[in-house]
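Trainee: Dropping the structure in here first, questions after.
The values are calculated or read from the model by the stated rules, or taken from the named source; none is laboratory data. None of the values given here were measured: they were computed from a predicted structure. All Cβ positions, glycine included, derive from the backbone under ideal geometry; neighbour counts span all protein chains shown. Heavy atoms of the whole protein, side chains included, go into the accessibility calculation; ligands, DNA and RNA do not. Shrake-Rupley method; radii C 1.70, N 1.55, O 1.52, S 1.80 Å.
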Amino acid sequence: MSEPTGTRPFAPFEWMLSLRYLRARRQEGFISIIAAFSFLGIMLGVATLIIVMAVMNGFRKELLGKILGLNGHLLVQPLESPLTDFEAVAARIAGVEGVRLAVPIVEGQALASSPFNAAGVLVRGIRGQDLVGLGSIAKNIVQGTLEGFDQNQAVVIGRRLADQLTLRAGDNVTLVSPRGAVTPMGTTPRIKVYKIAAVFEIGMSEYDAAFVFMPLPEAQAYFNRNGDVTAIEVYTNNPDQIGRFRELVTAAAKRPIFMIDWRQRNATFFGALQVERNVMFLILTLIVLVAAFNIASSLIMLVKDKGRDIGIMRTMGATQGSIMRIFLITGAAIGVIGDLVGFLVGLLVCLNIESIRQFLSWLSGSNLFPPEMYFLSRLPADLDVGETTAVVVMALALSLLATLYPSWRAARLDPVEALRYE
């Protein structure tokens, strides 16, 4: 049906009636309560989605940064013969364009003990210049210094390990390795005392409590390495393009090697994070969907309640389009305002999430984010613009779609039938 002359879409009277229907009156209290719940559902759904997605992104970014800051993007291991030519191989790999660092390492497990406690640790032998080049360690020294690391028979340990052993920089720590000297009576454990040169804290509890760094020559002697190393850790400028670096590193090594990249080493961990993130998104989207159904149900009840008003407006010349737009505006206002408020609430929470966590921990008297369980010392949140926009648009689309059927029903209402049964 065409619009009468002088009437334009979304005319002032349509807005006036829509806003009037949004205001609660005594006989329409139940409908208004449903509309209020619809608004709260949209708001909470959008806010929760934004917060959860931001926290999941923050987890992945923080964990990826810390894992790849300490472990190489590529692990190069020898084939056929021990890696005794590690100096030359590391130099050639470091010359590859895009490779930031090539670090020969010796790794082994040991027991770290003090007069107060003991703990299992992963000892990593590394050259002094390479340790300084690892920003995750060099930039997070909380006690002591890395100067003279190669010259002194000293070690660098994590903050949580130091706390567990009740030690500080300058104290002595005893390392016990089961693979010691071979005697006629068998292999005896190797026990040696080292001075703690520095203590680091990268913020990932698993690493801060387990890693001990030792000068490379000392580690070779401690773990009975005959002038070779366990592997070479390769750090690149772009870990997302690690497939391209595999070919370049293989060519630069000029010897048989076996490589494993960071995606293979952490496939299960990051795969689980991605699955959890997708499932959480689907589950929380149901909150928005339920709120959209609430908008539809409240509008259907409103249309039924306003049947007489619709009939009168139609007899006075209001078109089907005008009636449909009136109820579209009414339902859309709930969705748009709820969407906007939910976005603002989600943004506010994400920007202050660590302060909120600390307050809730203080209020409940318990640690709501134990580092031992979540591997991080603080609750991260990383807002992704594209993801946040998708959440807002999705909620807006669902709320608008929910208004179409009730608005169409209102527009199709026969004015004669509406007035006859009132």
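Trainee: How many residues are hydrophobic (A, V, I, L, M, F, W, C), assigned to a helix (DSSP H, G or I) and either closer than 11 Å to Pro239 by Cβ or under 8 Å from the mean Cα position of the chain (by Cα) (or both) if we restrict to the range 64-78? Please lay out each step first, then the result.
Mentor: First, pick out the residues of the range 64-78 that are hydrophobic (A, V, I, L, M, F, W, C): 64, 67-68, 70, 74-76.
Next, from what is left, pick out any that are assigned to a helix (DSSP H, G or I): 64, 67-68, 70.
When the remaining residues are screened for being either closer than 11 Å to Pro239 by Cβ or under 8 Å from the mean Cα position of the chain (by Cα) (or both), the result is 64, 67-68.
Residues that pass the stated criteria total 3.
Trainee: Here is a further query. I'd like to know if the range 244-253 contains one or more residues that are within 30 Å of Asn117 (Cβ to Cβ), more than 24 Å from the chain's Cα centre (by Cα), among the β-branched types (Val, Ile, Thr) and open to solvent by less than 70 Å² (accessible area, probe 1.4 Å).
Mentor: No, that holds for no residue.
Trainee: In this structure, is Ala267 open to solvent by 30 Å² or more (accessible area, probe 1.4 Å), closer than 15 Å to Asn71 by Cβ and of a type in the set (Gly, Ala, Ser)? Let's see the steps before the verdict.
Mentor: Values: open to solvent by 30 Å² or more (accessible area, probe 1.4 Å): yes; closer than 15 Å to Asn71 by Cβ: yes; of a type in the set (Gly, Ala, Ser): yes.
Yes: the conditions hold for Ala267.
Trainee: Can you tell me which condition Leu79 does not meet? The list is (1) among the aliphatic types (A, V, I, L, M); (2) in contact with a strand residue (DSSP E or B) (Cβ under 6 Å, 6 or more places away or on another chain); (3) surrounded by 14 or more Cβ atoms within 10 Å (Cβ to Cβ), and all the others hold.
Mentor: Status for Leu79: all satisfied but (3).
Quick grid of which residues meet (1) among the small types (Gly, Ala, Ser); (2) surrounded by fewer than 19 Cβ atoms within 10 Å (Cβ to Cβ); (3) within 17 Å of Leu40 (Cβ to Cβ):
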position	(1), (2), (3)
Thr319	no, yes, no
Ile329	no, no, no
Ile337	no, yes, yes
Val349	no, yes, yes
Gln358	no, yes, no
Trp362	no, yes, no
Gly365	yes, yes, no
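Trainee: Within the range 311-318, can one find any residue that is farther than 30 Å from Thr48 by Cβ, among the hydrophobic types (A, V, I, L, M, F, W, C) and either outside any helix (DSSP H, G or I) or in contact with a strand residue (DSSP E or B) (Cβ under 6 Å, 6 or more places away or on another chain) (or both)? So that I can check it myself, show each step before the final result.
Mentor: As a first pass, look at the range 311-318 and keep what is farther than 30 Å from Thr48 by Cβ: 311-318.
Subsequent filtering for residues that are among the hydrophobic types (A, V, I, L, M, F, W, C) retains 312-313, 316, 318.
Add one more test, that the residue is either outside any helix (DSSP H, G or I) or in contact with a strand residue (DSSP E or B) (Cβ under 6 Å, 6 or more places away or on another chain) (or both), and what stays is 316, 318.
The answer is yes; a qualifying residue exists.
Trainee: Next up: Identify all residues within the range 200-235 that are farther than 25 Å from Gly158 by Cβ and open to solvent by less than 70 Å² (accessible area, probe 1.4 Å); write none if there are none.
Mentor: Gly227, Asp228, listed by residue number.
Trainee: Going through the range 223-243 one residue at a time, which ones are in a helix (DSSP H, G or I) and of a type in the set (Gly, Ala, Ser)?
Mentor: Gly243
Trainee: Can you report the number of residues in the range 82-104 which are surrounded by fewer than 21 Cβ atoms within 10 Å (Cβ to Cβ) and either assigned to a helix (DSSP H, G or I) or of a type in the set (Val, Ile, Thr) (or both)?
Mentor: Counting residues in the range 82-104 that are surrounded by fewer than 21 Cβ atoms within 10 Å (Cβ to Cβ) and either assigned to a helix (DSSP H, G or I) or of a type in the set (Val, Ile, Thr) (or both) gives 8.
Trainee: Based on what the data block shows, is Ala272 open to solvent by less than 20 Å² (accessible area, probe 1.4 Å) and outside any strand (DSSP E or B)?
Mentor: The answer is no for Ala272.
Trainee: Also, quick follow-up: One residue is enough: does the range 280-295 have a residue meeting the conditions under 30 Å from Asp240 (Cβ atoms), surrounded by fewer than 16 Cβ atoms within 10 Å (Cβ to Cβ) and within 21 Å of the chain's Cα centre (by Cα)?
Mentor: yes
Trainee: Condition check: over 18 Å from Asn237 (Cβ atoms), aromatic (Phe, Trp, Tyr) and touching a Gly at 6+ places or on another chain (Cβ under 6 Å). Does Phe86 satisfy that?
Mentor: no
Trainee: Mind checking which pairs have a first residue in the range 303-318 that is at pLDDT below 70 and a second that is among the hydroxyl-bearing types (Ser, Thr, Tyr), Cβ under 6 Å, 6 or more apart or different chains?
Mentor: none
Trainee: Starting from residues that are open to solvent by 50 Å² or more (accessible area, probe 1.4 Å) and at pLDDT below 90, keep the ones in the range 133-143 and report whichever is nearest to Thr166 (Cα to Cα).
Mentor: Asn140
Trainee: Gly158: buried (at least 17 other Cβ atoms within 10 Å of the Cβ), of a type outside the set (D, E, K, R) and at pLDDT 90 or above, yes or no?
Mentor: Criteria met by Gly158.
Trainee: Within the range 111-123, identify whether any single residue is open to solvent by less than 30 Å² (accessible area, probe 1.4 Å) and touching a Phe, Trp or Tyr at 6+ places or on another chain (Cβ under 6 Å), and answer yes or no. Outline the logic, then answer.
Mentor: Restricting attention to the range 111-123, the residues satisfying the condition of being open to solvent by less than 30 Å² (accessible area, probe 1.4 Å) are 112-114, 119, 121, 123.
With touching a Phe, Trp or Tyr at 6+ places or on another chain (Cβ under 6 Å) added as a condition, the list becomes none.
Checking the range 111-123: not a single residue is open to solvent by less than 30 Å² (accessible area, probe 1.4 Å) and touching a Phe, Trp or Tyr at 6+ places or on another chain (Cβ under 6 Å).
Trainee: Assess whether Gln129 counts as being open to solvent by 50 Å² or more (accessible area, probe 1.4 Å), within 24 Å of Ile232 (Cα to Cα) and in contact with a Pro (Cβ under 9 Å, 6 or more places away or on another chain).
Mentor: No.
Trainee: So the check is Cβ under 9 Å with 6+ separation or different chains; which pairs have a first residue in the range 270-281 that's within 16 Å of Lys61 (Cα to Cα) and a second one that's open to solvent by less than 60 Å² (accessible area, probe 1.4 Å) and hydroxyl-bearing (Ser, Thr, Tyr)?
Mentor: Pairs that qualify, where the first residue is within 16 Å of Lys61 (Cα to Cα) and the partner is open to solvent by less than 60 Å² (accessible area, probe 1.4 Å) and hydroxyl-bearing (Ser, Thr, Tyr): there are none.
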